[in-house]
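Read-outs: derived from the displayed coordinates by stated rules, not from any lab. The model shown is predicted, which means the values in this text are computed figures rather than measured ones. Cβ placement follows ideal geometry from the backbone for every residue including glycine, while neighbour counts extend to all protein chains displayed.
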Amino acid sequence: MPFLARRLGFYVAAFLVAATFNFLLPRLLPGNPVDVMFAQAGTALPPESLEALKSTFGFLDEPLPVQYLRYLASVFTWDLGLSVKFHPLTVGEVLWASLPWTLLLVLASAALAFGLGTLGGIAAAWRRGGWLDSTLAPAALVLQAVPPLVTSLLALSLFAVTLKWLPTGYAWEPMLDLGWTWESIASVATHAVLPVTTLALAQVGGYLVTMRNSMINLLGEDYITLGIAKGLTESRLRHAYAARNALLPSVTSLAMTLGAVFGGALVTEVVFNYPGLGYTLYQGITARDYPLVQGQLLVMTLAMLVANFAADLAAFALDPRLRRG
């Protein structure tokens with residue numbers, strides 16, 4: 001347990017540091033969204049309304065330490081202020097509305113990539129040097145090298161625009177009243193095929209290479225040789241002995257990827273006009289909606305830290321040396 005307590009303390013400190021940078025960066029930029037709104041309105045707003053707008057959106061002329069303390073209080077109470085882009089909605093309401101769509105993409109793509117990559121890595125390592133290994137390992141490296149933007153645009157052009165097999169974008173059919181019906185579920189699933197698949201393709205190579213290398217390092221261990229001498233079946237040796245012990249790096253990678261994809265999904269969501277956190281961040285940046293951008297960056301930071309802590313928990317559960325230590 002001291003191991004987990006130390007890791008938890010580290011992540012709390014890391015979150016405070018990230019929150020501090022999140023506070024400082026927008027304030028180092030020239031201007032603010034209220035000044036932009038006032039300038040765009042021209043003569044439609046009287047000069048005295050500028051201060052009222054600043055007060056409404058929280059852009060007060062206060063000393064920086066006072067602003068920082070007010071900001072930290074808002075972070076821990078999740079009172080992140082009003083969104084400039086989606087006014088009168090609060091930042092929390094906008095993010096909560098976008099979160100389920102990003103979770104759908106992240107969890108579905110991670111599960112698909114982890115399953116395919118792990119099984120492919122096991123098969124490639126067990127028949128090291130064979131045709132399967134010679135095919136899968138280079139293909140995985142190629143998939144890792146292709147940027148998600150390129151994969152998304154190619155998939156969109158081929159399967160949505162040219163072949164018209166799948167929708168070109170959004171999360172469901174616009175004319176459909178979304179609800180817990182089979183029609184709605186089918187529409188959401190159909191619209192998620194392309195973004196989920198393109199996100200998975202960007203991850204599957206990493207899982208395959210990680211699992212293959214871990215398996216190869218373990219196949220020469222004494223307990224594998226002993227299992228062969230005892231006459232254990234090939235399937236049991238491959239999965240219950242070699243794959244189980246080689247799984248720890250892949251599980252750690254999975255937890256970290258879940259956090260990273262919250263930011264990496266931005267490109268995919270923008271390409272497919274998918275209403276998740278990445279697309280919301282893009283809208284906030286283009287509108288100079290600093291409260292929304294700050295809130296989204298906090299969510300991404302929390303996702304990464306929680307994912308890393310989950311990786312520590314997985315390592316603690318799978319590795320008895322940590323429990324003994």
Residue order, fewest to most surrounding Cβ atoms within 10 angstrom, among Arg6, Arg212: Arg6, Arg212
Identify the residues of the stretch 261-302 with backbone N under 18 Å of a label point that sits 7 angstrom from the Cα of Val161 along the Cα-to-Cβ direction, or state none. 267-274
Dipole magnitude (debye, nearest 20) for the stretch 141-273, charges at Cβ of Lys, Arg, Asp, Glu: 460
Across the stretch 75-82, in residue order, what do the Karplus-derived ³J(HN,Hα) couplings come to in whole Hz, using 6.51 cos²θ - 1.76 cosθ + 1.60 with θ = phi - 60° and x for Gly and Pro? 5, 7, 9, 6, 9, 8, x, 8
So if R0 is 45 Å, what FRET efficiency would Ile185 and Leu16 give, r being the distance between their Cβ atoms, rounded to the nearest 0.05? 0.65
For the stretch 9-19, in order, what is each residue's ³J(HN,Hα) by Karplus, 6.51 cos²θ - 1.76 cosθ + 1.60 with θ = phi - 60°, in whole Hz (x at glycine and Pro)? x, 4, 6, 5, 5, 5, 5, 5, 5, 5, 5
Sort all Cα-Cα distances of the stretch 91-324 into consecutive 10 angstrom bins from zero, then give the percent of pairs in each bin up to the one containing the longest distance. 8, 27, 30, 21, 11, 3, 0
Segment Leu132-Tyr282, length gained on full extension (0.36 nm per residue, minus Cα span): 49.9 nm
Using 0.36 nm times the number of residues separating Leu28 and Leu107, minus their current alpha carbon distance, what extension gain do you get? 24.9 nm
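So how do Leu305, Leu8 line up by other beta-carbon neighbours within 10 Å, fewest first?
On the way: Leu305 18, Leu8 13.
Fewest-to-most ranking of Leu305, Leu8: Leu8, Leu305.
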Report the extension gain between Leu99 and Val193 in nm, rounded to one decimal, defined as 0.36 nm multiplied by the number of residues separating them, less their alpha carbon distance. 32.0 nm
